[in-house]
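> Submitted below is the structure of interest, expressed as C-alpha cells.
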Amino acid sequence: MENHLLEVKNVDIFYGDAQAVRDVSFHVDQKQIIALVGANGAGKSTLLNAISSFNQPRRGGILFSGKSIAKLKPEEVAAMGISHVPEGRRLFSRLTVLENLELGAYLPNTRLFLKESLGRAFDLFPVLRGRLHQSAGTLSGGEQQMLAIARALMARPILLMLDEPSLGLAPIFVRRLFETIEALNKGGVTILLVEQNIPQTLKIADYAYVLQTGAVRMEGRGEGLINDPNFQQAFLGLMRAKK
Amino acid sequence: MNGILVGCMYGVAAIGLSLIFGCMEIVFIAQGAVMVLAAYCIYWMFTWTSIDPFLGFLVIIPIFLGFGWVVYTGLFQRVAKAGKNPSLLLAFGLMVLLEHVMSLVWSPNTRTVAASYSASALRLSGIIISFTRLMVSIIALITTGLVFLFLKKTMLGKAVRGVSEDMRAAALLGISPIRVSAATFSIGIALAGIAGVATAITYPFDPYFGFLFSLKALIAVAFGGLGSVEGAFLGGIILGALESLSSYTISAGWADAVAYVTFLIILVMRPKGLLGRSVEKV
C-alpha cells in the first residue's frame with residue numbers, strides 16, 4: 001500500500017438530498033500535477049471543498065499525509081499545508097494587494113518567512129510589485145488570478161489546489177497561467193488542478209481524472225488520454241455539453 | 001457645537017456595532033445596554049472610590065475586553081453554527097437581561113456622575129463648550145484613531161477586515177473565523193464600554209437608556225455606511241449634529257423624530273450610507 005500525499009477514497013458527497021459526488025477515488029503523490037477535469041456540475045469543486053473540509057462526505061474518507069481530515073475545520077486543513085485557491089478566486093477586494101499577500105502568511109509558522117515569501121511572489125509575478133498598495137478589487141482579471149495564486153503560495157503549502165484558474169481569463173493569460181503552474185511544479189509544489197480547459201490541462205498533468213455527473217468516467221496519464229479514442233469520445237461529449 | 005461632541009460618543013459605539021456586524025453579520029442590539037452597564041460601572045467606581053471618572057476610560061477597556069471575550073466564547077460561539085437568527089435572539093436576550101438586572105440591582109433611578117469640574121466650561125471663539133464634553137470628544141477621536149490603526153496596521157486587524165469581507169477565503173488561509181470574531185466582538189464591547197463611560201460623564205442615565213442608544217448607534221452606522229469604520233464615526237457626528245440642530249431650531253422633542261426621518265430617507269435613497277462599500281466578491 002503506497003503512501004500518497006492526498007488520498008480520496010470512495011467518497012459520496014450530498015447537498016441535502018442531491019448527490020454531487022458518487023464513489024470517487026483518486027490520489028495525489030508528491031511533486032505531481034494531478035488534474036480533475038470535467039464540465040460544470042461534474043462535482044470537481046465539490047471535491048476540492050470536501051478536501052478543504054467545507055463539506056463532509058457522507059461516505060468514504062479523505063486522508064492527507066496519512067491523517068484523516070474528517071473532523072478538521074477548514075482553517076485547520078489549511079494549517080496542515082493545503083492551500084486552496086477557490087473558484088472565483090475570492091480575494092479580499094477591499095484590501096490592498098500587499099494586505100492580501102500578508103494574510104496569506106497569517107499562520108504563525110509562515111509569518112516568520114513573510115519577507116522571503118513576498119520576494120518569491122514578486123519573482124513569480126513581477127506585476128504585483130507595482131500594484132502593492134492598490135485595492136485588490138481594482139486589478140484586472142489576469143492580475144487577480146496571479147494575486148490569488150501568490151496569496152495561496154505565501155503559506156508555503158505542501159499541496160496547492162487550484163479551482164478553475166483559467167476561468168474568465170484572456171487566452172494569452174491562460175497560456176501564461178499554465179506555464180506558471182508548470183514552473184511552480186518544477187520548483188517542488190504538488191498541484192491538484194481542477195479545470196474545464198482540457199487540452200492545456202492534460203498537457204501539463206502527470207495524471208488526470210475525467211469527471212462527469214459526480215463520478216470518475218475515465219482516468220489516465222495526461223498525454224495518453226489525449227490520444228485515447230475512448231477519451232476523445234468522452235471529451236467530445238464534454239465539448240458538446242459545454243455548448 | 002455641542003451636537004458634534006455628543007455625536008462623537010455615538011460614533012464610538014457605532015464603530016463597535018459596525019465591527020461586530022462585519023464579522024458576525026448580526027446587528028448587536030445590546031450595544032446600548034452594554035454602554036449603560038459601563039456607565040454604571042463608572043458611577044459606582046466614582047461613588048465609592050472617588051477616582052476621577054476620566055481614568056475610568058482606562059479601567060473600563062480591559063474589563064470590557066474581557067467581558068466581551070467571555071460573552072462571545074460562552075454564548076455566541078456556541079450558536080454561531082446555527083445561523084444568524086439564534087445569534088440575533090441571543091443579542092436581544094442579552095439586552096433585555098442586562099436592562100432588567102441593572103434595574104433590579106441598581107434601581108431604575110437616574111444617576112449622574114458629577115466630578116468637580118463637571119460644570120466648568122470653555123469659551124472658544126464665542127461658543128461655550130462644556131469641558132467634559134470636549135474631553136470626551138477628544139477621547140472619542142483618539143479611540144477612533146486607535147481602532148483605525150489597529151485595523152490597518154496589525155495582522156489581527158487585517159484579519160478582522162478579511163473575515164468581515166469573506167469568511168471562507170479567510171478560513172482557506174488558515175485564519176480561524178471564530179477566533180477573529182471573538183476578538184472583534186470583544187473590541188466592539190470595549191468600544192461600547194468607552195461610549196458608556198462617556199455617556200455617564202455627560203448625561204444622567206438610567207437602565208433603560210440602552211435601547212435608545214443602540215438605535216442611535218445603528219442610525220450612525222447607517223449614515224456612515226456598513227463596512228466603514230470612519231463612516232460609522234462620521235455617521236455618529238452627523239447624527240449628533242442633526243439632533244442638536246433640530247433641538248435648537250425646532251424643539252428638543254423633535255430632535256429624535258428628525259433623526260429617525262433622516263435615517264429612513266438615507267435607507268431609501270442611499271442604502272450604502274455615505275462611505276459604505278457595496279459587497280463585491282472578487
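The values are calculated or read from the model by the stated rules, or taken from the named source; none is laboratory data. Just so it is clear, the structure is predicted and the values come from calculations on it, not from any experiment. For neighbour counting, all protein chains shown are included, and Cβ atoms are generated from backbone atoms with ideal geometry for every residue, glycine included.
> Out of (1) touching a Gly at 6+ places or on another chain (Cβ under 8 Å); (2) closer than 30 Å to B:Y248 by Cα, the odd one out for B:I60 is which?
(2)
> Let me ask something else. Which residues, taken from the stretch A:1-51, are over 19 Å from A:L160 (Cβ atoms) and among the small types (G, A, S)? So that I can check it myself, show each step before the final result.
The initial filter retains those residues of the stretch A:1-51 that are over 19 Å from A:L160 (Cβ atoms), namely A:1-3, A:9-25, A:38-43.
Within the stretch A:1-51, A:G16, A:A18, A:A20, A:S25, A:G38, A:A39, A:G41, A:A42, A:G43 meet the criteria.
> Would you list the helices (runs of 4 or more DSSP H) that sit entirely within the stretch B:1-100 and hold 3 or more residues that are more than 25 Å from B:S228 (Cα to Cα)? It would help to see each step written out before you state the result.
On the way: elements: B:2-24, B:31-49, B:53-71.
Counting at least 3 such residues, we get B:31-49, B:53-71.
> How do the strands (runs of 3 or more DSSP E) wholly within the stretch A:53-170 filter down when requiring 1 or more residues that are facing chain B (nearest Cβ under 9 Å) and under 16 Å from the mean Cα position of the chain (by Cα): which remain?
Working: elements: A:59-64, A:82-85, A:159-163.
Output list reads A:82-85.
> When both residues are 6+ apart or on different chains and their Cβ atoms are under 7 Å apart, which pairs have a first residue that lies in the stretch B:162-180 and is at the interface with chain A (Cβ under 7 Å from one of its Cβ atoms) and under 21 Å from A:R156 (Cα atoms), and a second that is charged (D, E, K, R) and in a helix (DSSP H, G or I)?
Final answer for the pair search is B:A171/A:E75; B:G174/A:E75; B:I175/A:E75; B:S176/A:E75.
> For the stretch B:257-282, enumerate the residues that are among the hydroxyl-bearing types (S, T, Y) and either surrounded by 13 or more Cβ atoms within 10 Å (Cβ to Cβ) or at pLDDT 75 or above (or both). Show your work before the answer.
Taking the stretch B:257-282 and keeping what is among the hydroxyl-bearing types (S, T, Y), we get B:260, B:262, B:278.
B:Y260, B:T262 - these are the residues of the stretch B:257-282 that are among the hydroxyl-bearing types (S, T, Y) and either surrounded by 13 or more Cβ atoms within 10 Å (Cβ to Cβ) or at pLDDT 75 or above (or both).
> Moving on. What pairs can you find where one residue is in the stretch A:161-177 and in contact (Cβ under 8 Å) with a residue 40 or more places away in the chain, the other is surrounded by fewer than 21 Cβ atoms within 10 Å (Cβ to Cβ) and not in a helix (DSSP H, G or I), and their Cβ atoms are less than 8 Å apart, with a gap of 6+ or different chains?
Here the result reads A:D163/A:E87; A:E164/A:E87; A:E164/A:Q196; A:L167/A:E87; A:L167/A:G88; A:L167/A:Q196, each pair linking the stretch A:161-177 to a residue that is surrounded by fewer than 21 Cβ atoms within 10 Å (Cβ to Cβ) and not in a helix (DSSP H, G or I).
> Condition check: over 21 Å from B:L173 (Cα atoms) and either touching a Phe, Trp or Tyr at 6+ places or on another chain (Cβ under 9 Å) or within 14 Å of chain B (Cβ to nearest Cβ) (or both). Does A:V210 satisfy that?
Working: over 21 Å from B:L173 (Cα atoms): yes; either touching a Phe, Trp or Tyr at 6+ places or on another chain (Cβ under 9 Å) or within 14 Å of chain B (Cβ to nearest Cβ) (or both): yes.
Yes; evaluated as a whole, the condition is true for this residue.
> Of the residues that make up the stretch B:197-204, is at least one more than 14 Å from chain A (Cβ to nearest Cβ), surrounded by fewer than 24 Cβ atoms within 10 Å (Cβ to Cβ) and touching a strand residue (DSSP E or B) at 6+ places or on another chain (Cβ under 7 Å)? Steps first, answer last, please.
Keep residues of the stretch B:197-204 that are more than 14 Å from chain A (Cβ to nearest Cβ), which gives B:197-204.
From what is left, the residues that are surrounded by fewer than 24 Cβ atoms within 10 Å (Cβ to Cβ) are B:202-204.
Remaining after also requiring touching a strand residue (DSSP E or B) at 6+ places or on another chain (Cβ under 7 Å): B:204.
Yes, some residue in the stretch B:197-204 is more than 14 Å from chain A (Cβ to nearest Cβ), surrounded by fewer than 24 Cβ atoms within 10 Å (Cβ to Cβ) and touching a strand residue (DSSP E or B) at 6+ places or on another chain (Cβ under 7 Å).
> Pick from the stretch A:22-71 the residues that are of a type in the set (K, R) and free of Cβ contacts under 8 Å to residues at least 60 places away in the same chain: which of them is surrounded by the fewest Cβ atoms within 10 Å (Cβ to Cβ)? So that I can check it myself, show each step before the final result.
Within the stretch A:22-71, the subset of a type in the set (K, R) is A:22, A:31, A:44, A:58-59, A:67, A:71.
This time we only want the ones that are free of Cβ contacts under 8 Å to residues at least 60 places away in the same chain, so: A:58-59, A:67, A:71.
Details: A:R58: 11, A:R59: 13, A:K67: 10, A:K71: 8.
Taking the candidates together, the pick is A:K71.
> Here is a follow-up. Could you tell me which of the residues A:L132, A:L124, A:L162 is surrounded by 22 or more Cβ atoms within 10 Å (Cβ to Cβ), closer than 29 Å to A:P108 by Cβ and either modelled with pLDDT of 90 or more or not basic (K, R) (or both)? Full working, then the answer.
Numbers: A:L132 fails: surrounded by 22 or more Cβ atoms within 10 Å (Cβ to Cβ); A:L124 fails: surrounded by 22 or more Cβ atoms within 10 Å (Cβ to Cβ).
Result: A:L162 is the single residue among A:L132, A:L124, A:L162 that is surrounded by 22 or more Cβ atoms within 10 Å (Cβ to Cβ), closer than 29 Å to A:P108 by Cβ and either modelled with pLDDT of 90 or more or not basic (K, R) (or both).
> In the stretch A:172-213, how many residues are of a type in the set (F, W, Y) and not in a helix (DSSP H, G or I)? Quick ask: steps written out before the conclusion?
Looking only at the stretch A:172-213, we keep the residues that are of a type in the set (F, W, Y), and these are A:173, A:178, A:207, A:209.
Filter once more, keeping what is not in a helix (DSSP H, G or I): A:207, A:209.
Total meeting the criteria: 2.
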